[in-house]
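Undergrad: Here it is, the structure, as structure tokens.
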Amino acid sequence: MAGPRWSSRLPHVLVILYALVMGTFPNAAGVDPTVPLLAMVQAAILMIAMSYPLPAWWASIVVMVIGARSGATYLQQSLSFPWMVNSSTSVMSVVHASPVTFPWTGSGIALQAGVLFLLALRVRPRVAAASLAITTLVGVGCVVFLPKANWSGDAVLALPAYAVAVLVGVGVRLLRTTRTRLEAQEELTAEERARRTLLEERSRIARELHDVVAHHMSVISIQAQVAPHLVDNPPDELKENLAGIRGNAVAALTELRRILGVLRAQDAPGDAPQPTLDRLDDLLANVRAAGVELTAETTGEPRPLSPGVELSAFRIVQEALSNAMRHAPGAPVTVQLGYRPAAVTIRVANAAPAAAVPRSPGAGHGLLGMRERAAMLGGDLVTGPTPDGGYEVSVFLPVDSQKGIEATP
């Protein structure tokens, strides 16, 4: 059972109580001395079936045959009310007693059905059906071929009880198996969704950086083509080297466009320019126009950065502001941009929201995308709650592109 630890053994306790009650039930007057012994053995078999259901079931079959063969019986009491004609009474009670063989007494049927139920919980439905068929055949054989077992007419009543026990056990097993498979499938789906989210975010980053890389490769190609004309009488070796540089640049640019062209095909038509930090003021103005109390601060001397750093820094600020407006509506937001000699730092923090905000369903791309952008440049990203109940995103991006490439795993 799922739930608290104290309830995990509750089914075992119930099975033991069931076995004890049914095992001691035949201890009454007019009972064959063998019946209590067989009932106690069958009760022990039921408890063993919790751990070893298949051997316990075979043992219960042996007890069934022994009980039917030995003719261990108890007196089944019944009342009849024949009409009597006399002067004092018109009705009297007469007690009749009929012997019933143990395997098909009330307690015997209950214990055997319990074993079949526990067996059906642990084995395949086909095995459970085969066990029910064997039990039925053994019971019918005992009634037909063992003379002492012919006393009992309750053997026929035992078969529906056995069938119900097996059907219930198989149903519970199938329900539990289905639930387990569903939980496993949900875990796989969550992992696949996270993996797909990561790949989508990396694809989006690759599409955005395509123009940056293509621009640099185009510049290299043009410079290699123009360089021989800037020198009077350039040697043949210089021309060959520059031609090789241009050829490699053109080949790399062609291959890059062929590979990433598939990714760019997923975007809307049109080549919109990639944003840089020069457009950060426009982004902040749009956020303020949406009703957000935004404070922006820039430290250090602003300077042009590499296109990859400019694009990643802008996207990180954009995504951090979107998360702040989504998860903390109405809360003040602070944006701090710092220019350092070897890096650019970004800090976007929002205060605690005025009211509780329901959690967004599904996995978002925000933090994942910011982390991928920082890792691509060899930077670092730290996120987490602030002491006042808000949330903070801090990013460190190296401006040395070569160092960032070497640091990227």
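The values are calculated or read from the model by the stated rules, or taken from the named source; none is laboratory data. Note that this is a predicted model, so its numbers are computed, not measured. Note: ideal-geometry Cβ built from the backbone for every residue, glycine included; neighbour counts use all protein chains shown. To get the accessible areas, we keep the full protein, side chains included, count just its heavy atoms, and leave off ligands, DNA and RNA. Shrake-Rupley method; radii C 1.70, N 1.55, O 1.52, S 1.80 Å.
Undergrad: Please report the accessible area of V144 (heavy atoms, 1.4 Å probe, ligands and nucleic acids excluded) in Å², nearest 10.
TA: For V144, solvent-accessible area is about 90 Å².
Undergrad: What is the gain in length, in nm to one decimal, between V13 and V250 on full extension, counting 0.36 nm per residue of separation less the C-alpha to C-alpha distance?
TA: Details: separation 237, 0.36 × 237 = 85.32 nm, distance 7.77 nm.
Going from the current span to full extension adds 77.6 nm.
Undergrad: Same structure again: So for the pair T177, S394, with labels modelled 7 Å out along Cα→Cβ, what separation do we get in nm?
TA: 5.4
Undergrad: How much length would be gained if the chain were fully extended between K239 and V164, taking 0.36 nm per residue of separation minus their Cα-Cα distance, in nm to one decimal?
TA: Values: separation 75, 0.36 × 75 = 27.00 nm, distance 9.22 nm.
Computed gain between K239 and V164 is 17.8 nm.
Undergrad: Further question on the same structure: Tell me, in nm to one decimal, what length is gained between R279 and T189 on full extension, where the rule is 0.36 nm per residue of separation less the Cα-Cα distance? Intermediate values should be presented prior to the final figure.
TA: Values: separation 90, 0.36 × 90 = 32.40 nm, distance 3.89 nm.
That works out to 28.5 nm of additional length.
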